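**Q** I have a structure I would like to understand better, so I am pasting it below and will then ask my questions one at a time.
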Amino acid sequence: MIGAAPMTGRHRPRGVRGTALVLGVGVLLGGCTSGPGTASPSPSASAPLPCAEDGSHAELGATRRGEAHAEFTTAGGTVHVAVRYFPRGGLFESDGGQAAVYVGDAATPPTYDEQTGVVSGVTAETSVREGAWGELELEPGRYWIWVSNGSDVVVAGCEPGSVTEPAPAAAEG
């Protein structure tokens, strides 16, 4: 407007500074949870299984690369994997709603080299986005599974008995 006083200094209408502060804090806190390291349910927590009702699945609990792995047996073929309850570290998440999933022969337990970031004994790996199912092509056998971000993992097969003998995550060592 022509002739209007600038909104600086003492000419600022009452309440403008306070309103801006409240809005700014509200935007910043909108993505926060109760604290660092907390988990919040992801859409995959309630996503339907990727197969018909006669398929099989196993909930393997929270695994974490270098700390805890779970095991399962498969008849082979396509094994679907979902990661749920992604950790929420606060304002600036580093995983972007994505996790690396590593699978290997259960006869050779996995190891993780913190200096190089390499997981040994990996037979197959995939990246799974929050709220989606990933796929692994596996030979028949027993496998360990690790997830990069410590989230819960679910494996599923589309044939009856294609995923069996789940052993939920347990601490290494």
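**Q** Taking into account only those residues within the stretch 72-98 that are in a strand (DSSP E or B) and of a type in the set (D, E, K, R), which is modelled with the highest pLDDT?
**A** In this case the residue turns out to be Arg84.
**Q** Would you confirm whether or not the stretch 99-107 contains a residue that is at pLDDT 90 or above, of a type in the set (Val, Ile, Thr) and out of contact with any strand residue (DSSP E or B) (no Cβ under 7 Å at 6 or more places or on another chain)?
**A** No, there is no match, as no residue in the stretch 99-107 is at pLDDT 90 or above, of a type in the set (Val, Ile, Thr) and out of contact with any strand residue (DSSP E or B) (no Cβ under 7 Å at 6 or more places or on another chain).
**Q** Taking Pro110 as meeting all but one of (1) without any contact (Cβ under 8 Å) to a residue 60 or more places away in the chain; (2) surrounded by fewer than 17 Cβ atoms within 10 Å (Cβ to Cβ), write down the number of the exception.
**A** (2)
**Q** Looking only at the stretch 39-60, count how many residues are hydrophobic (A, V, I, L, M, F, W, C) and at pLDDT 65 or above.
**A** 5
**Q** Just name the residue that is farthest from Ser56 (Cα to Cα) out of those in the stretch 117-173 that are part of a strand (DSSP E or B) and among the polar types (S, T, N, Q).
**A** Restricting to residues being part of a strand (DSSP E or B) and among the polar types (S, T, N, Q), the top hit is Ser120.
**Q** Let me ask something else. Given (1) of a type in the set (Val, Ile, Thr); (2) in contact with a Phe, Trp or Tyr (Cβ under 9 Å, 6 or more places away or on another chain); (3) in contact (Cβ under 8 Å) with a residue 24 or more places away in the chain, where does Val128 come up short, assuming only one miss?
**A** (2)
**Q** Determine, yes or no, whether Thr116 is surrounded by fewer than 20 Cβ atoms within 10 Å (Cβ to Cβ) and under 21 Å from Thr73 (Cα atoms).
**A** No; evaluated as a whole, the condition is false for this residue.
The values are calculated or read from the model by the stated rules, or taken from the named source; none is laboratory data. Fair warning: this is a prediction, and the values are worked out from it, not measured in the lab. Every residue, glycine among them, receives a Cβ derived from its backbone with ideal geometry; neighbour counts consider all protein chains shown.
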